[in-house]
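Some notes on the structure that comes next.
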Amino acid sequence: MLNLFKVIVLSLFASMFSVTHADTTFKVKDCVFPLTVIKGDRLVFVNPIVVYSEAQGELAWTMETFEAYLVSDTDFNGSWIQIRGVEGFEPNPYAGKDLGWVQSSDMEIQDSKGCE
């Protein structure tokens, strides 16, 4: 019984210091980037990033480039975020425009310098 208690206490203690993506709360003006991994010598999306015209709406397009975006809105439970284009190293015709809605689980928060 004492060992079970130790395991529970240690698990609770460890969970206080571990942050998972599910705990991430996106806010308006957060800088976000698609979740990626390195396979071989290439950067690839963890999952295909589908951008919808509205939260849980019609498919608008599929993300193909690795760019940072600003969060311009979130749905009431935080599972969808609306992304806005930002100026990058090259001129971006979509800078300042809302591009659509993505599942928040497909994105991660970046330092705000990535969206300046």
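The values are calculated or read from the model by the stated rules, or taken from the named source; none is laboratory data. Owing to the predicted nature of the structure, the values given are computational and were not obtained by experimental measurement. As a convention, Cβ positions derive from the backbone with ideal geometry for all residues, glycine included, and neighbour counts pool all protein chains shown.
The table below gives the values:
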| quantity | calculated |
| --- | --- |
| Residue 103 vs. criteria under 12 Å from the mean Cα position of the chain (by Cα), at pLDDT 90 or above and farther than 15 Å from residue 33 by Cβ | no |
| Residue that is surrounded by the fewest Cβ atoms within 10 Å (Cβ to Cβ), among those in the stretch 82-108 that are over 15 Å from residue 67 (Cβ atoms) and either in contact with a Gly (Cβ under 7 Å, 6 or more places away or on another chain) or not small (Gly, Ala, Ser) (or both) | 103 |
| Count - residues of the stretch 1-49 that are within 16 Å of residue 79 (Cα to Cα), in a helix (DSSP H, G or I) and either at pLDDT 90 or above or more than 11 Å from the chain's Cα centre (by Cα) (or both) | 1 |
| Hits in the stretch 54-64 - residues which are surrounded by fewer than 17 Cβ atoms within 10 Å (Cβ to Cβ), modelled with pLDDT under 90 and either among the small types (Gly, Ala, Ser) or under 20 Å from residue 88 (Cβ atoms) (or both) | 57, 60 |
| Boolean, residue 33 is more than 12 Å from residue 102 (Cβ to Cβ) and either in contact (Cβ under 8 Å) with a residue 40 or more places away in the chain or surrounded by 11 or more Cβ atoms within 10 Å (Cβ to Cβ) (or both) | no |
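This table checks each residue for (1) of a type in the set (A, V, I, L, M, F, W, C); (2) in contact with a Cys (Cβ under 9 Å, 6 or more places away or on another chain).
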site: 58; (1), (2): no, no
site: 72; (1), (2): no, no
site: 81; (1), (2): yes, no
site: 86; (1), (2): yes, yes
site: 106; (1), (2): no, no
site: 114; (1), (2): no, yes
